[in-house]
Structures are given as C-alpha cells and as structure tokens.
Amino acid sequence: MKHIFSDIEAAAIEGGAVKVGFANIYAMKGIQVGDETVFDYPSAVSVFVEIPEEAVRSALDNPSEQMRAAYKQCNMKLKKAEEKVAEVLRAAGYKARPIDPSERVKPDLLLGAVSHKAVARLAGMGWIGKNGLIITDEYGPRVRFGTVLTDLPVNEHVGPLKNQCGDCTACIDNCPMRVLKGPEFEDHPQTRDHVIDWAKCGKYEHTLIGDGSRPEKACGRCIARCPKSGI
C-alpha cells in the first residue's frame with residue numbers, strides 16, 4: 001500500500017506539480033461545495049504549482065496581464081498533474097476524479113465542485129491566511145492548487161497547519177476593493193465569507209477579465225503583497 005503514495009507523488013511531479021499531499025476529507029462535510037457528489041469519495045490528493053515570481057511582481061501595484069496569463073499556465077500544469085495522479089490511482093484499482101482547477105460549477109457563488117484550498121489545508125499543505133488563500137511554507141500564497149478525489153484510504157496524513165499570519169495585515173491594507181475582513185481562518189465550520197467578501201472580489205475579477213474587447217488582467221495584490229510570497 002505505501003508504495004502507491006510515492007508513485008502518486010512521482011507522477012504528479014512529473015506532470016508539473018511542486019508538492020503533493022493526501023487527506024481524508026470527512027472533516028469537510030458540512031462546508032459549502034459546488035457539487036455534493038464530491039463526498040462520494042472519502043479521500044483526496046492535493047497538488048500545487050508555483051506562480052512565477054515575475055508574474056506576481058507585476059501585480060504589486062496594478063492588475064496585470066502577466067498575472068492572468070500565469071493563472072492560465074498554472075491551471076494547465078495542474079490539469080496535467082491531476083491526470084498523471086488519476087492514471088496511477090486507476091491502474092492500482094482505485095477510483096479517481098480530477099477536479100478542474102478553474103471550473104466554477106456555481107458561478108454566482110464562485111464555487112468549484114470542491115474547495116481546493118480546504119483539501120490542501122487538510123493535507124497539511126499550508127494554512128488559510130487573512131487573504132483567504134492557502135499560505136505555504138515554500139512559496140507563501142504564490143501557488144495554485146488542484147485536487148483528485150479518490151477512494152484510496154488515507155488514514156495517516158499531516159493535518160491542518162496552525163495559522164501563522166500573526167499581526168500581519170499586508171494583504172488587508174493593500175486590497176484595492178477592501179474585501180478582506182481581518183479574522184484568521186482557524187477551522188471549519190467557519191466559511192470563506194468569514195474571511196473575505198468573495199462576491200465583491202469575484203465581481204472585480206470578472207471586470208478585469210472583461211468581454212474579450214481588451215486584454216484580460218488579474219489582480220493578485222493579496223498574493224504579491226504577502227511577505228510570505230518573497231517578492
């Protein structure tokens with residue numbers, strides 16, 4: 001059994017992921033998701049890719065075309081890594097459901113099928129910061145996550161890391177739309193709305209994407225201004 005975890009990690013990294021984690025997602029039951037069928041699976045594999053420093057640096061003060069392009073590139077890498085993970089799981093006789101890192105099954109609520117951040121947090125990949133994002137030890141919030149749901153038993157995993165934002169308010173102070181509310185996210189059943197006004201944030205992002213008549217941009221200020229990003 002143990003070798004499959006190392007095989008999954010190797011496959012994900014081959015696909016472009018930087019790090020891999022495993023979680024039993026039972027603790028997520030009761031939180032808001034876009035598709036309740038995700039809980040047909042007891043476990044999940046979490047993967048992340050790095051958002052390049054230069055792209056994040058371009059978003060320090062203004063919305064950036066480079067940041068939007070980086071998001072798209074990261075999503076492509078995540079999809080490839082997820083498929084590699086799914087191949088290993090299926091070959092070993094387990095179910096695997098890759099979750100599109102960019103898909104929103106309930107656009108009005110900005111919800112994907114499952115929260116990649118909630119899965120990553122349970123897998124010990126980082127903590128949810130005051131910006132509502134996962135903060136990793138390696139890159140701060142300068143990462144994007146993907147998820148593969150599975151019935152592979154995950155009985156031992158790292159578990160959530162303690163929030164380490166402390167007194168820092170850099171993301172809150174620099175948010176152009178003032179959507180960050182200040183509280184640290186400690187545990188479920190807290191909701192994302194406890195930390196951030198996602199509807200307002202999402203509307204702003206939609207405006208930056210536009211209607212195709214001009215280049216798409218992304219904000220990313222809460223990533224760029226976080227000291228943990230190393231920018």
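The values are calculated or read from the model by the stated rules, or taken from the named source; none is laboratory data. Since we're looking at a predicted model, the values are computed, not measured. All Cβ positions, glycine included, derive from the backbone under ideal geometry; neighbour counts span all protein chains shown.
Within the stretch 47-72, the set of residues being of a type in the set (Lys, Arg) and either closer than 19 Å to VAL18 by Cα or surrounded by 24 or more Cβ atoms within 10 Å (Cβ to Cβ) (or both) comprises just one member, LYS72.
Every residue, every condition in (1) over 18 Å from ILE31 (Cα atoms); (2) in a loop (DSSP other than H, G, I, E, B); (3) touching a residue at least 40 places away in the same chain (Cβ under 8 Å), yes or no:
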residue	(1), (2), (3)
TYR94	yes, yes, yes
PRO98	yes, no, yes
GLU103	yes, yes, no
VAL114	no, yes, yes
VAL119	no, no, yes
LYS130	yes, yes, yes
ILE135	yes, no, yes
GLU138	yes, yes, yes
ARG144	yes, no, yes
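Within the set GLU205, GLU186, the sole residue that is closer than 20 Å to ARG68 by Cβ, at pLDDT below 95 and within 17 Å of the chain's Cα centre (by Cα) turns out to be GLU205.
The numbered conditions (1) out of contact with any helix residue (DSSP H, G or I) (no Cβ under 9 Å at 6 or more places or on another chain); (2) of a type outside the set (A, V, I, L, M, F, W, C); (3) not in a loop (DSSP other than H, G, I, E, B) are all true for ASN155 except (3). Looking across ALA96, ALA81, ALA86, ALA91, one residue alone is of a type outside the set (Lys, Arg), surrounded by fewer than 16 Cβ atoms within 10 Å (Cβ to Cβ), at pLDDT 95 or above and within 20 Å of ILE13 (Cα to Cα). It is ALA91.
With the checklist (1) touching a helix residue (DSSP H, G or I) at 6+ places or on another chain (Cβ under 9 Å); (2) over 23 Å from ALA118 (Cβ atoms) in hand, flag the one item PRO98 doesn't pass. With (1) touching a helix residue (DSSP H, G or I) at 6+ places or on another chain (Cβ under 9 Å); (2) over 23 Å from ALA118 (Cβ atoms) applied to PRO98, the lone miss is (2). Does ASP167 qualify as being part of a helix (DSSP H, G or I), of a type in the set (D, E, K, R), over 30 Å from GLU87 (Cβ atoms) and out of contact with any strand residue (DSSP E or B) (no Cβ under 7 Å at 6 or more places or on another chain)? No. Any chance the stretch 193-200 includes a residue that's in contact with a strand residue (DSSP E or B) (Cβ under 9 Å, 6 or more places away or on another chain), more than 25 Å from ILE25 (Cβ to Cβ) and either assigned to a helix (DSSP H, G or I) or modelled with pLDDT of 90 or more (or both)? Looking for residues that are in contact with a strand residue (DSSP E or B) (Cβ under 9 Å, 6 or more places away or on another chain), more than 25 Å from ILE25 (Cβ to Cβ) and either assigned to a helix (DSSP H, G or I) or modelled with pLDDT of 90 or more (or both), one finds at least one in the stretch 193-200, hence yes.
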